[in-house]
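Reading through the structure tokens given below for one structure.
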Amino acid sequence: MGTAQYVSPELLSEKSASRSSDLWALGCIIYQMVSGLPPFRSRWELVLYKKMFLLLLIPCCVLSYSVTCCKSFFTLVLVGVNI
């Protein structure tokens, strides 16, 4: 199933993985890069999954370093790295 904090709602409802599952995970990673915390948090996985399924997001506050971090990330992903 993958990392609990990045699993998509369709996987929680026992549907098969698709590109949208990957985009969901990417969105969770970007959210965490911007806010410094994952979009869904709980001590217990079952509660975490319920929050994800119901889309109970924790409001995001942008950190001072997040814009630079996101720019660097997208430059690497979209443009590539010359090594």
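What the table shows:
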item: The range 24-50: number of residues that are outside any helix (DSSP H, G or I) and among the small types (Gly, Ala, Ser); result: 2
item: Residue check, Leu57 surrounded by 11 or more Cβ atoms within 10 Å (Cβ to Cβ), modelled with pLDDT of 80 or more and not β-branched (Val, Ile, Thr); result: no
item: Residue check, Ser35 of a type in the set (Ser, Thr, Tyr) and modelled with pLDDT under 80; result: yes
item: Pairs, first over 19 Å from Glu45 (Cβ atoms) in the range 1-29, second outside any helix (DSSP H, G or I), C-beta under 7 Å, six or more apart; result: Ser20/Ser8
item: Criterion violated by Phe74 - all others in (1) at pLDDT 80 or above; (2) assigned to a helix (DSSP H, G or I); (3) surrounded by 11 or more Cβ atoms within 10 Å (Cβ to Cβ) satisfied; result: (1)
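The values are calculated or read from the model by the stated rules, or taken from the named source; none is laboratory data. This is a predicted model, so every value here is computed, not measured. Glycine gets a Cβ as well: all are built from the backbone with ideal geometry, and neighbour counts include every protein chain shown.
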